[in-house]
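> The structure that follows is given in the form of structure tokens.
The values are calculated or read from the model by the stated rules, or taken from the named source; none is laboratory data. These figures come from a predicted structure and were not determined experimentally. Please note: Cβ atoms are built from the backbone with ideal geometry, for glycine as well, and neighbour counts cover all protein chains shown.
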Amino acid sequence: MKKVLIITYYWPPSGGAGVQRWLKFVKYLRGFGWEPIVYTPSNPESPVEDVSLFKDVPPDMEILKTPIWEPYDLYKKFVGRKPGEKINAGFLSEKKQAGLTEKISVWMRGNFFIPDARKFWVKPSVNFLSAFLKDHPVDAIISTGPPHSMHLIALGLKEKFDFPWLADFRDPWTNIDFYDQLMLTKYANAKHKKLEKQVLLKADRVVIVSWNWAEDLKKIAPVRVDVVTNGYDEEDFQFPSAEPMEKKEFIVCHLGSINKDRNPHQFWKAVKELAGRHNDFRSQIKIKLIGKNDISVTESIISHNLENMAEKIPYIPHDHAISMLNASDVLLLPLNNTPNTDGVIPGKLFEYLASRKPILGIGSEKGDTARIINETGSGMVCDFNDTEKIKNELYNFYNNFKLNKPWIFKTDLSKYSRKNCCGQIAHILNEIII
């Protein structure tokens with residue numbers, strides 16, 4: 001077995017989207033000849049916790065943990081939050097619009113905590129791992145971000161030991177959708193870009209999750225960038241067969257958080273118009289939103305008089321969420337209405353695919369998400385502002401529901417399995433150690 005050190009901020013019991021990619025890769029790496037060693041904080045500030053994810057951690061694997069100091073306690077005091085209150089990612093605010101104190105804290109985050117609030121863990125981690133690696137050498141190192149401080153830890157180790165290094169980007173750095181909301185000074189912007197370019201140039205290989213974002217990285221630095229998408233774990237979708245039964249509700253489900261940029265305004269308008277025109281549609285549709293939602297989503301639901309049709313469900317364990325996908329009729333997939341939207345492929349897309357339920361995507365019809373949905377024949381993608389198309393496609397899905405007509409996929413989905421994607425990672429690791 002070759003050994004690989006994986007530096008990740010997110011690890012069980014942390015839940016949510018950030019933990020899934022490398023938890024699942026670690027689950028399958030041994031099958032490709034690589035023994036994973038995970039390095040992660042012992043006390044991270046995670047938005048949610050999900051102890052059910054421990055079942056995917058391989059037995060007897062080595063997990064290294066050290067404490068991390070993050071400025072979130074100071075932030076909570078500054079904005080008047082309770083000490084135990086969770087911090088949402090991606091500028092998602094569930095209760096109120098950002099006030100002056102929140103705006104000041106965002107400015108401080110962008111300009112003082114570069115690249116992010118985990119920067120204070122970089123130097124202690126480099127020191128700890130340097131001591132560990134002297135006695136326990138590995139064949140390669142992987143860093144995954146965000147938070148991009150993880151890449152800086154790997155950069156420090158690369159400069160000391162020159163181990164082969166794979167830098168994995170689950171999201172962009174300076175091309176992230178909220179980068180322009182950080183209110184950066186010229187100095188801070190230049191520092192972010194300098195560190196990003198340094199990581200790209202020093203890493204032996206760079207991996208990112210979408211094709212458009214790969215092209216964006218190549219514009220920053222002339223390096224090879226491989227695309228390894230997220231995926232679905234086949235073991236999560238092994239449901240016992242059940243007798244078909246008549247359903248009274250037409251369930252449209254969304255899994256995960258919806259921030260302000262992802263709020264599908266025209267979808268709510270389409271639902272309102274269909275409900276006003278078709279009594280049966282109004283009486284049967286149920287929209288289930290599983291996870292955290294920005295206050296703008298709540299306001300949209302109220303302003304379109306959809307309170308009786310929409311149900312907000314707090315975060316639930318991952319395995320329960322998968323079961324809810326399986327019980328749905330249509331899966332809603334709104335994308336971020338931001339300049340980098342063509343490269344946005346939500347991790348949930350692949351679990352939507354594995355459920356084999358039709359997908360209603362709302363976003364760029366030319367982006368990478370549309371590419372996958374069209375390639376697999378797994379649903380329809382409507383432009384952000386095309387209310388008529390959204391309305392027509394949603395009503396078509398509803399008519400199929402009434403006729404009990406299943407959606408037929410065009411292609412085999414196995415190339416998007418977590419195991420297959422892990423094989424791509426292992427192949428890259430094999431190449432960089434030669």
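> For residues that are of a type outside the set (Val, Ile, Thr) and touching a residue at least 24 places away in the same chain (Cβ under 8 Å), scanning just region 389-401, find the one that is nearest to LYS269 (Cα to Cα).
The extreme case among them is LYS391.
> Among (1) at pLDDT below 95; (2) farther than 30 Å from HIS318 by Cβ; (3) polar (S, T, N, Q), which single condition is ASN279 missing?
All conditions are met except number (1).
> Going by the conditions given, is GLU375 modelled with pLDDT of 95 or more and in a helix (DSSP H, G or I)?
So GLU375 does not fit the description; no.
> Going by what's in this entry, would ASP162 be described as at positive phi and at pLDDT below 95?
Taking the combined requirement at face value, the residue satisfies it.
> Let me ask something additional. Is it the case that VAL199 is of a type in the set (Val, Ile, Thr) and without any contact (Cβ under 8 Å) to a residue 24 or more places away in the chain?
Criteria not met by VAL199.
> Please give the number of the condition ALA167 fails out of (1) under 25 Å from the mean Cα position of the chain (by Cα); (2) over 24 Å from ILE345 (Cβ atoms); (3) free of Cβ contacts under 8 Å to residues at least 60 places away in the same chain.
Condition (2) is where ALA167 drops out.
> Also: Would you please name the residue that is nearest to the chain's Cα centre (by Cα), looking only at residues in region 381-416 that are modelled with pLDDT of 95 or more and of a type in the set (Asp, Glu)?
Among those that are modelled with pLDDT of 95 or more and of a type in the set (Asp, Glu), it is ASP383.
> Could you count how many residues in region 318-345 are out of contact with any Lys or Arg (no Cβ under 7 Å at 6 or more places or on another chain), crowded, with 21+ Cβ neighbours inside 10 Å and not hydrophobic (A, V, I, L, M, F, W, C)?
Within region 318-345, residues that are out of contact with any Lys or Arg (no Cβ under 7 Å at 6 or more places or on another chain), crowded, with 21+ Cβ neighbours inside 10 Å and not hydrophobic (A, V, I, L, M, F, W, C) number 2.
> Evaluate the following for LEU53: is it under 23 Å from GLN20 (Cα atoms), at pLDDT 80 or above, outside the structural domain of ASP319 (by TED's automatic domain parsing) and not small (Gly, Ala, Ser)?
Yes.
> Can you name the number of the only condition in (1) closer than 26 Å to ALA17 by Cβ; (2) modelled with pLDDT of 95 or more; (3) surrounded by fewer than 15 Cβ atoms within 10 Å (Cβ to Cβ) that ASP73 fails?
(2)
> Here's something else I'd like to know. With the checklist (1) on the phi > 0 side of the Ramachandran plot; (2) modelled with pLDDT of 95 or more in hand, flag the one item LYS2 doesn't pass.
Looking at each condition in turn, LYS2 falls short on (1).
> From ASN293, ASN259, ASN263, which residue is under 19 Å from GLY361 (Cα atoms), in contact with a Leu (Cβ under 7 Å, 6 or more places away or on another chain) and in contact (Cβ under 8 Å) with a residue 60 or more places away in the chain?
So the residue among ASN293, ASN259, ASN263 that is under 19 Å from GLY361 (Cα atoms), in contact with a Leu (Cβ under 7 Å, 6 or more places away or on another chain) and in contact (Cβ under 8 Å) with a residue 60 or more places away in the chain is ASN259.
> Let me ask another. Hey, could you check region 395-424 for residues that are aliphatic (A, V, I, L, M) and out of contact with any helix residue (DSSP H, G or I) (no Cβ under 6 Å at 6 or more places or on another chain) and say which is nearest to ASN230 (Cα to Cα)?
Only one residue fits best here, namely ILE408.
> How many residues does region 267-298 contain that are outside any strand (DSSP E or B) and under 27 Å from the mean Cα position of the chain (by Cα)?
The total comes to 12.
> Right, here's the next one. Given THR40, THR8, which one is polar (S, T, N, Q), within 20 Å of VAL228 (Cα to Cα), crowded, with 21+ Cβ neighbours inside 10 Å and modelled with pLDDT of 95 or more?
So the residue among THR40, THR8 that is polar (S, T, N, Q), within 20 Å of VAL228 (Cα to Cα), crowded, with 21+ Cβ neighbours inside 10 Å and modelled with pLDDT of 95 or more is THR8.
> Has region 220-233 got any residue that is within 22 Å of SER303 (Cα to Cα) and assigned to a strand (DSSP E or B)?
Checking region 220-233: not a single residue is within 22 Å of SER303 (Cα to Cα) and assigned to a strand (DSSP E or B).
> (1) closer than 27 Å to ASP56 by Cα; (2) part of a loop (DSSP other than H, G, I, E, B); (3) modelled with pLDDT of 95 or more: which one isn't true of LEU331, the others all being true?
Tallying (1) closer than 27 Å to ASP56 by Cα; (2) part of a loop (DSSP other than H, G, I, E, B); (3) modelled with pLDDT of 95 or more, LEU331 fails exactly one: (2).
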